[in-house]
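What follows draws every value from the coordinates through simple rules; no lab data is involved. Everything numeric in this text was worked out from a predicted model, so none of it was measured. Ideal geometry is used to build each Cβ from the backbone, glycine not excepted, and the neighbour counts take in all protein chains shown.
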Amino acid sequence: IGACRVAIVAWLLGIDKTYALDHDPNVLVEIRRNAGLNHLESRILLFCANQACLSAPVSLVICNIFLEELRGIAGELAGATAEEGNLICSGLSVEQVPELEKEFIKLGMQQSGSLNRDGWSAVMFRY
């Protein structure tokens, strides 16, 4: 249940309200349960994943999915990121980062940071 874990960590780091999105409605049921166990029902808003569920771009978008899936929703992720915001993508092997960077450069974003550990990467993009 990665979306909920990320939302909980974001809350612990000081982000008052988070949005947890997933393509699978069954996962959303588990996210809701996990948020309840952590007494965060009012702080984590749940949506079936697509950019249309957000009324306006947000300051921080975090996704933890594989490159193949990222390619398919790169435009939605970029569109969900505010002009001065950050987009963090994880779940990538170190070797996949240049390929992902090309996708976001086409959308007007630039890589602004990365973290590599044990062959895996998290990459941050900005406009």
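Considering Met124, Met109, the condition of being closer than 20 Å to Tyr19 by Cβ and touching a Gly at 6+ places or on another chain (Cβ under 6 Å) is satisfied by Met124 alone.
Scan region 59-76 residue by residue and report those that are among the aliphatic types (A, V, I, L, M) and closer than 16 Å to Val6 by Cα.
As a first pass, look at region 59-76 and keep what is among the aliphatic types (A, V, I, L, M): 60-62, 65, 67, 70, 73-74.
Of everything in region 59-76, those that are among the aliphatic types (A, V, I, L, M) and closer than 16 Å to Val6 by Cα turn out to be Leu60, Val61, Ile62, Ile65.
Counted as qualifying within region 39-117 are no strands (runs of 3 or more DSSP E), as none has 1 or more residues that are without any contact (Cβ under 8 Å) to a residue 24 or more places away in the chain and buried (at least 18 other Cβ atoms within 10 Å of the Cβ). Given the condition among the small types (Gly, Ala, Ser) and closer than 14 Å to Ala7 by Cα, answer yes or no: does some residue in region 17-33 qualify? There is at least one residue in region 17-33 that is among the small types (Gly, Ala, Ser) and closer than 14 Å to Ala7 by Cα.
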